[in-house]
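Below is one structure; the comments refer to it alone.
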Amino acid sequence: MALDSTLNTVAGSSLFQQIQQTMPEWFQQGGVVMWLLLVTSFLTTIVTLERCFIWLNYHFQEEHFPLHECFASLNKYEKTDALLHCQKRDTPALKMLEHGINALPFSPNEKMESYAEIQISAMSRGQSLLDTVITLAPMLGILGTVLGIIDSFNILSLQGVENPTAVVGGIAQALISTAAGLSVALLALLPYNLFRSQIQKLTLHLESVGSEFYHICHQKSLVTNQISSDMQELDDSLSAKPTAKNKTDTVAEHSEMPYHYEFKEGSDEVKVSIHDDEMKELHKTSQESLVEMYSDAVNDKDEFYGIDEVELQELQETAHLKEQQKTGEEVR
């Protein structure tokens, strides 16, 4: 087993050496960091090509006409036709509209916003890798340069100042990794900025489409307020319930008088209650004042409840008789 592992290690190292020998000389002079930069450049190339294909496919799909046809169908209250127009193209805006139409007559805001966020996240896939490469590649290049300078100074310490050619050559080779790191960062920076601008345009496009859809929904009353509908149903159910025959509403009226009265709607019954603390004042009230109070209330067209009409009539007649007696005495 040990012999087999040793043979595999030797074979792997020999294979790596063969691959390294096939690489250009400047690549070999950059050191081990050049392999890391090669991997990052390979990933950057794959992500860039894949994103370019996605965005080109998106721009080649003409969604302008299906959008207008969908909005025209919504203005005519044709929900089925609007869904069919949305299904003609597989674009984020049309798919977002499809989710919004399926949510009607309820509010489609949450579904459309969540789907738009999902689509934006899907279209921005790979940009985090490009951002990482933009930061990582120069740092790897600088790391290779530092390692190369360390080797050069080690050679200088061993050979002395008499042979500076090896030191200068080592420093020159160490700077290759820095140049390679900057090149890889530029390779990732250009597509990253391009894709980010496309994401911003897509976000604005989805917002404009969503705003136009909301405007049509409110203009054509395609969205039903759930709370209002529930309250309307509750009012309808309450109004549909029959009222109890024996149920009467009691109304109590209070005034500044030392009494208050209560009457029941639908009946002639009147209940008069006198305040205990003002009983004495009520007994001290003269008949003439009661008659005057009654007369003022009748003249002002006010309803006067709580005193028996027969009693008031008797009081009025008594006051009239007293006035006649006074008049007769004055004549005598």
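So the values come out like this:
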read-out	value
Separation in nanometres of the label points that stand 7 Å from Cα toward Cβ, at His215 and Lys326	8.4
Loop sites in the range 76-163: chymotrypsin sites (Phe, Trp or Tyr not before Pro), DSSP, at most 11 other Cβ within 10 Å	Tyr77
For Gln61, distant residues with modelled amide H under 5 Å away	none
Ranking of Arg89, Arg51 by count of other Cβ atoms within 10 Å, fewest first	Arg89, Arg51
Ascending count of other beta-carbon atoms within 10 Å, so fewest first, for Glu63, Glu113	Glu113, Glu63
Ranked Phe71, Phe60, criterion: other C-beta atoms within 10 Å, fewest first	Phe60, Phe71
Per-residue HN-Hα couplings for the range 75-84 [Karplus 6.51, -1.76, 1.60; θ = phi - 60°; Hz; x = Gly/Pro]	5, 9, 6, 9, 5, 5, 5, 5, 5, 5
Added length on full extension, which subtracts the Cα-Cα distance from 0.36 nm per residue, Ser197 to Ala72	42.0 nm
Inter-probe distance in nm under a simple model that places probes 7 Å from Cα toward Cβ, at Trp55 and Leu84	3.6
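Rule-based calculations on the coordinates, nothing more; no lab input. Please read all numbers here as calculations on a predicted model, not as lab measurements. No Cβ is skipped: glycine too gets one built from the backbone with ideal geometry, and neighbour counts run over all protein chains shown.
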